[in-house]
Amino acid sequence: MKEIDIVTPVVAKTYEELDSTDRALVEAAKAATAGSYSPYSHFAVGAAILLDNGVTVTGANQENAAYPSGTCAERSACYYAGANYPEARFERIAVAAVGPDGNPTASPTAPCGACRQALLEYEKRAGHNVPVLLAGSSEVYILPSVASLLPIAFSEF
Ligand code: THU
């Protein structure tokens, strides 16, 4: 028998500590919350993905009266990127949210499990780590890769 410890390294930076690329990506994720359609949860999520062609793709959660038919911000962004820029590789991802009180969430918003699995597919296609930036109101958590958010993930390749 052996024990395996899994460590998720997180760097917490203030907004002042972000470099210009990361700050712009987080701002894009925050701005993307404006496109959220969330009349049921009143929780507006925005995601921004920087591609290796220099394009930043954004997405926001889109809810539906039949709840499971809605989709999260991260998946709306990554599927848009995959459909419209099939040759491009993901470089970095940022996620931000505005809560039901209309304010940015105090704590960093993290992708749900299904979004982690979806994003992992694009990290594998990229062939390199894709850092994930999770925006809170005063600091941003930076994870080194999607895989670090989903250890022991299912994978066929
Ligand atoms: N949501 C996202 O957009 N991303 C996540 O990773 C978690 C949850 C959305 C789904 C739903 O529209 C709302 O947030 C509340 O769960």
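The values are calculated or read from the model by the stated rules, or taken from the named source; none is laboratory data. Here the structure is a predicted model, which means the values were calculated and not measured. Glycine gets a Cβ as well: all are built from the backbone with ideal geometry, and neighbour counts include every protein chain shown. Protein only, heavy atoms only, side chains kept; ligands, DNA and RNA dropped before computing areas. Shrake-Rupley method; radii C 1.70, N 1.55, O 1.52, S 1.80 Å.
In deg cm²/dmol and to the nearest 500, what is the mean residue ellipticity at 222 nm of the chain if only DSSP H runs of at least 4 residues count, each as -39500 (n - 2.57), divided by the residue total?
Details: 3 runs with 39 residues, N = 157.
Result for the chain: -8000 deg cm²/dmol, rounded to the nearest 500.
Beta carbons within 10 angstrom, averaged per residue: use that to sort the peptides 38-50, 105-117, highest first. Please list the in-between numbers first.
Working: 38-50: 21.2, 105-117: 17.2.
Highest to lowest by the protection proxy: 38-50, 105-117.
Tell me the carbon and sulfur percent of the accessible area for segment 11-149, rounded to whole percent, probe radius 1.4 Å.
Working: 3280 of 6310 Å².
Using a 1.4 Å probe with all protein chains present, segment 11-149 comes out at 52 percent carbon and sulfur.
From the phi angles alone, apply the Karplus equation (6.51, -1.76, 1.60; θ = phi - 60°) to segment 97-109 and give each ³J(HN,Hα) in whole Hz, x where the residue is Gly or Pro.
Each residue's phi maps through the Karplus curve to give 8, 10, x, x, 7, x, 10, x, 4, 5, 8, x, 8 Hz.
Rolling a 1.4 angstrom probe over the protein heavy atoms, how many square angstrom per residue are accessible across the chain? Mind dumping the intermediate values first?
Working: 8280 Å² over 157 residues.
Here the per-residue accessible area is 53 Å².
I need the fraction of alpha carbon pairs in the chain separated by more than 27 Å, rounded to a whole percent.
Working: 2431 of 12246 pairs.
Counting every Cα pair in the chain, those more than 27 Å apart make up 20 percent.
Please list 19-31, 72-84, 1-13 highest first by mean number of surrounding beta-carbon atoms within 10 Å per residue. Present the calculation step by step, with values, prior to reporting the outcome.
Working: 19-31: 17.7, 72-84: 20.8, 1-13: 8.4.
The most tightly packed comes first, giving 72-84, 19-31, 1-13.
Before anything else, pin down the relative contact order of the chain: Cα pairs under 8 Å, at least 6 apart, normalised by residue count, whole percent.
24 percent
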